[in-house]
2 protein chains.
Amino acid sequence: MNSKVSMIEDILRGKNFKLTSSRKEIIRIFLGSDKHLKPEDVYELVKAKGISLPTVYRTIDILKRNQIIEEISIGKHRYYELKIFSGKKLHIHFKCDVCGEIFDIDDQKLVMDLIDITSNVESEYKVEVEDLLMVLHGVCEKCKNKTII
Amino acid sequence: MNSKVSMIEDILRGKNFKLTSSRKEIIRIFLGSDKHLKPEDVYELVKAKGISLPTVYRTIDILKRNQIIEEISIGKHRYYELKIFSGKKLHIHFKCDVCGEIFDIDDQKLVMDLIDITSNVESEYKVEVEDLLMVLHGVCEKCKNKTII
DNA sequence: CTTGATGCAAAGGATTTGCACAAAT
DNA sequence: ATTTGTGCAAATCCTTTGCATCAAG
């Protein structure tokens, strides 16, 4: 993970951002988590280190603008997850409406189907597609089983 | 449109909601618009009639819970569009990042592709998919042409 | 009449900003 | 030394709520 940290640090240094300890810490949070985090979640994880909520928001903003993390809006909340290094350039988010958990759905066939769909849309509607957000809602495996029992 | 108005009114009456003039007016707004409207947009269209912003929010909430309108979260905003009568049970939203306009992309092949994807996800991931949101971002035809000139 | 809806003002929650101070380069 | 980042408090924006009053059934 340290090499990933320094790659991200290099990106930010290249844009004249200063590498403060707050920023390094928040970068580590995203590198070390496979979850979709809300700003408040990040804050909970770093406030013990004296990092303030505005700094969390400001850092998230920088990471987002530099394609290091990705923003996903679901309902009234905004979530962030690592984008760089994730390998999943295109993937679907699944939100369980029972437990609230969000996880990524990511397989090759699906990515190809999505690419097909977007290129169809581009030619049929004469638009240029630059990004794509897909969120499925439903019941996850765990919660399905709980209901049955 | 009047028959549609009364169909919606029947649905609400059936659930013991009172059909106030405010609610009728807001229903007409959604029936008469093909746009994705934010609460504030609706308010702008009805405030001249003395309808308050809280009433807009409360009415939108009722219409949403009763599947008459659909909620779409994009970025920091929530938009609403008519769902009942729309015919498009499953469709893609396209947001132009240049002009900000949102429109629906809706064709048969696409719907079938999306159904395919969701049933694949259901069997591969053992989840139950109940709803789906897909938003494409990019540049719409109009804005593409403006850029060229 | 009785219940539910409305406007107003105020409260909430999430996010952003101004500013004086602190840390990084 | 200079620039940029930070915490704090306050401001903003969007949305919701309490309550006295009003309208629909």
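The values are calculated or read from the model by the stated rules, or taken from the named source; none is laboratory data. Since the model is a prediction, treat every value here as computed from it, not as a measurement. Note: ideal-geometry Cβ built from the backbone for every residue, glycine included; neighbour counts use all protein chains shown.
Observations on the structure shown:
- Qualifying residue in region B:81-93 (condition: touching a residue at least 12 places away in the same chain (Cβ under 8 Å), within 15 Å of DNA strand C (Cβ to nearest atom) and outside the structural domain of B:LYS146 (by TED's automatic domain parsing)): no
- A residue that is in contact with a helix residue (DSSP H, G or I) (Cβ under 6 Å, 6 or more places away or on another chain), away from chain A (no Cβ under 14 Å) and near DNA strand D (Cβ under 9 Å from one of its atoms) occurs somewhere in region B:7-19.
- Residue match in region A:79-88 (condition: more than 7 Å from chain B (Cβ to nearest Cβ), of a type in the set (Asp, Glu) and over 22 Å from B:ILE72 (Cβ atoms)): no
- Qualifying residue in region A:54-64 (condition: assigned to a helix (DSSP H, G or I), among the basic types (Lys, Arg), within 14 Å of another protein chain (Cβ to nearest Cβ) and within 11 Å of DNA strand C (Cβ to nearest atom)): yes
- Selection over region A:110-142 of residues that are touching a residue at least 40 places away in the same chain (Cβ under 8 Å) and within 9 Å of another protein chain (Cβ to nearest Cβ) gives a count of 9.
- Residue in region B:105-121 that is over 24 Å from A:ASP106 (Cα atoms) and among the charged types (D, E, K, R) present: yes
- Figure legend. Inter-residue proximity from region B:25-44: first residues surrounded by 16 or more Cβ atoms within 10 Å (Cβ to Cβ), second residues part of a loop (DSSP other than H, G, I, E, B), beta-carbon distance below 7 Å, spacing 6+ or different chains. Indicated pairs: B:GLU25/B:ILE51; B:LEU31/B:MET1.
- Residue match in region B:62-70 (condition: without any contact (Cβ under 8 Å) to a residue 24 or more places away in the chain, in the same structural domain as B:LEU136 (by TED's automatic domain parsing), surrounded by fewer than 17 Cβ atoms within 10 Å (Cβ to Cβ) and among the polar types (S, T, N, Q)): no
- Verdict on B:LEU45 being closer than 18 Å to A:LYS76 by Cβ, among the aliphatic types (A, V, I, L, M) and within 16 Å of DNA strand C (Cβ to nearest atom): no
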